[in-house]
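A.B. asks: My questions all concern the structure below.
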Amino acid sequence: MDAVINCAAYCDGLRETNVELDEVHETLKQANRFVWVGLHEPNTEMLRKIQSEFGLHDLSIEDAHRAHQRPKIETYGDTLFIVLRTIQMKDKRIDMGETHFFLGKNFIITVRHGSSVGYMDVRSRCESTPNFLRKGPGFALYAVMDAIVDRYFPVVDALETELEVLEEKIFHEKFRKETTAKIYKLKRQLLEVKRSVSPLIDICNRLMRFDLNLIDEETRPYFRDVYDHSIRINEMVDNTRELLAAAMDSNLSMISISQSEVSKRFAGWAAIIGIPTMVAGIYGMNFKTIPELEWRYGYPFVLAVTACLCILLFLRFKKSGWL
């Protein structure tokens, strides 16, 4: 079936053989073996078959089929059901996906949904180190989770780089509407990453606790590494969000400053233009008794005084930075 990417049985850390889904229940009865099944967007029929072979709970199967779940960890009898968000950059935008895990005493099932890179390389690395894979399905769970979390780092780095570009535009270029739109878009992307990575911390905490018998005591310390990476990514996202908020405030401040500069220029030129307007208004009132009308040098004198006053105001405004 196309949904089955891989289905194999492991014994003492070594890949023993590929297993057909119809024969899984027989393999699970054998001691010192576990089965690792990889699925990609299985349909209802496939999930019902998986449920029948592994004895999975109805609610976990329903969640695995619907997808679009929040990251979480739930216990159903002797089985753990874990949901993680996967993330990658594609064409300068974030593509989100999901990976669901079913973890039992002698099996692990991974179900991929949406945009998500496969885990064949993770499986190959595990198979190349049988001394680690000997620890059972709990180590396989750690290996896949570690790969998922590590793929967050290049995404966060890309978002930080985009923020640096926006900061350069804010402080060294003229205001453009596109810059504000890009800030808002980046803010939404960071929020999506935050929603995906924050629950990882609680999930790792739960996997490190001693009340989960499905995780071997020797395997629990490995989840501390995933926990540390989750903390680091969460802090990087928080720092970037704070810087982005500051960038948004700075952008708005720069817009206000720009508008204030324009208003000052308008006010300065209005004051300069007001002088000849006032003089023209006075001499346009058509009174016969205006003394300067009979003076030979009245007209050039008024023009000269008007020009001098305008130049004086221009120099004063220029010196104060208004023009």
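A.B. asks: Output the residue which, of all residues in segment 221-246 that are among the hydrophobic types (A, V, I, L, M, F, W, C) and either under 17 Å from TYR152 (Cβ atoms) or modelled with pLDDT of 90 or more (or both), is farthest from the chain's Cα centre (by Cα). First the steps, then the outcome.
C.D. replies: Residues of segment 221-246 that are among the hydrophobic types (A, V, I, L, M, F, W, C), as a first pass: 223, 226, 231, 233, 236-237, 243-246.
Going one step further and asking which of them are either under 17 Å from TYR152 (Cβ atoms) or modelled with pLDDT of 90 or more (or both), we end up with 223, 226, 231, 233, 236-237.
On the way: PHE223: 23, VAL226: 19, ILE231: 15, ILE233: 11, MET236: 11, VAL237: 8 Å.
Selected residue: PHE223.
A.B. asks: Looking at segment 145-152, is at least one residue open to solvent by 40 Å² or more (accessible area, probe 1.4 Å), of a type outside the set (Ser, Thr, Tyr) and not in a strand (DSSP E or B)? Outline the logic, then answer.
C.D. replies: Keep residues of segment 145-152 that are open to solvent by 40 Å² or more (accessible area, probe 1.4 Å), which gives 150-151.
If we keep only those that are of a type outside the set (Ser, Thr, Tyr) as well, we get 150-151.
Now restrict to residues that are not in a strand (DSSP E or B): 150-151.
Looking through segment 145-152, at least one residue is open to solvent by 40 Å² or more (accessible area, probe 1.4 Å), of a type outside the set (Ser, Thr, Tyr) and not in a strand (DSSP E or B).
A.B. asks: Is it the case that THR75 is more than 20 Å from ARG123 (Cβ to Cβ) and of a type in the set (Val, Ile, Thr)?
C.D. replies: Values: more than 20 Å from ARG123 (Cβ to Cβ): yes; of a type in the set (Val, Ile, Thr): yes.
Taking the combined requirement at face value, the residue satisfies it.
A.B. asks: Okay, next question. Of the residues in segment 118-132, how many are in contact (Cβ under 8 Å) with a residue 40 or more places away in the chain, assigned to a helix (DSSP H, G or I) and out of contact with any strand residue (DSSP E or B) (no Cβ under 6 Å at 6 or more places or on another chain)?
C.D. replies: The number of residues fulfilling the criteria is 4.
A.B. asks: Hey, among LYS182, LYS135, LYS174, which residue is assigned to a loop (DSSP other than H, G, I, E, B) and open to solvent by 80 Å² or more (accessible area, probe 1.4 Å)? Give the steps one after another, and end with the answer.
C.D. replies: Working: LYS182 fails: assigned to a loop (DSSP other than H, G, I, E, B); LYS135 fails: open to solvent by 80 Å² or more (accessible area, probe 1.4 Å).
Just one listed residue meets the conditions, LYS174.
A.B. asks: Something else: Kindly indicate the residue of segment 40-74 that is assigned to a strand (DSSP E or B) and touching a residue at least 24 places away in the same chain (Cβ under 8 Å) and also surrounded by the most Cβ atoms within 10 Å (Cβ to Cβ) among those meeting that condition. Can you show your working first?
C.D. replies: We begin by selecting, within segment 40-74, every residue assigned to a strand (DSSP E or B); these are 40, 72-74.
Now restrict to residues that are touching a residue at least 24 places away in the same chain (Cβ under 8 Å): 40, 72-73.
Values: HIS40: 15, LYS72: 14, ILE73: 20.
The selected residue is ILE73.
A.B. asks: Answer yes if at least one residue in segment 29-36 is assigned to a helix (DSSP H, G or I) and either open to solvent by less than 90 Å² (accessible area, probe 1.4 Å) or among the polar types (S, T, N, Q) (or both), and no otherwise. Step through it out loud before you land on a result.
C.D. replies: If we filter segment 29-36 for residues that are assigned to a helix (DSSP H, G or I), which is where we start, we get none.
No, that holds for no residue.
A.B. asks: Working only within segment 213-229, note down all residues that are of a type in the set (Phe, Trp, Tyr) and open to solvent by less than 20 Å² (accessible area, probe 1.4 Å).
C.D. replies: Residues of segment 213-229 that are of a type in the set (Phe, Trp, Tyr), as a first pass: 222-223, 227.
Residue satisfying the conditions is PHE223 alone.
A.B. asks: Same structure, new question: Inspect all residues belonging to segment 263-275 and state whether any of them is open to solvent by less than 90 Å² (accessible area, probe 1.4 Å), in contact with a helix residue (DSSP H, G or I) (Cβ under 8 Å, 6 or more places away or on another chain), assigned to a helix (DSSP H, G or I) and modelled with pLDDT of 75 or more.
C.D. replies: no
A.B. asks: Output the number of residues of segment 7-28 satisfying the condition of being among the small types (Gly, Ala, Ser) and in a strand (DSSP E or B). Please lay out each step first, then the result.
C.D. replies: Start the filter on segment 7-28 by keeping residues that are among the small types (Gly, Ala, Ser), which leaves 8-9, 13.
From what's left, in a strand (DSSP E or B): 8-9.
Residues in segment 7-28 being among the small types (Gly, Ala, Ser) and in a strand (DSSP E or B): 2 in total.
A.B. asks: Take the residues of segment 276-323 that are touching a Lys or Arg at 6+ places or on another chain (Cβ under 9 Å) and at pLDDT below 65: which is least open to solvent (accessible area, probe 1.4 Å)?
C.D. replies: Top of the filtered list is LEU323.
The values are calculated or read from the model by the stated rules, or taken from the named source; none is laboratory data. In this text, all values refer to a predicted model and were calculated from it rather than measured experimentally. Note: ideal-geometry Cβ built from the backbone for every residue, glycine included; neighbour counts use all protein chains shown. These accessible areas exclude ligands, DNA and RNA; they are computed on the full protein's heavy atoms, side chains included. Shrake-Rupley method; radii C 1.70, N 1.55, O 1.52, S 1.80 Å.
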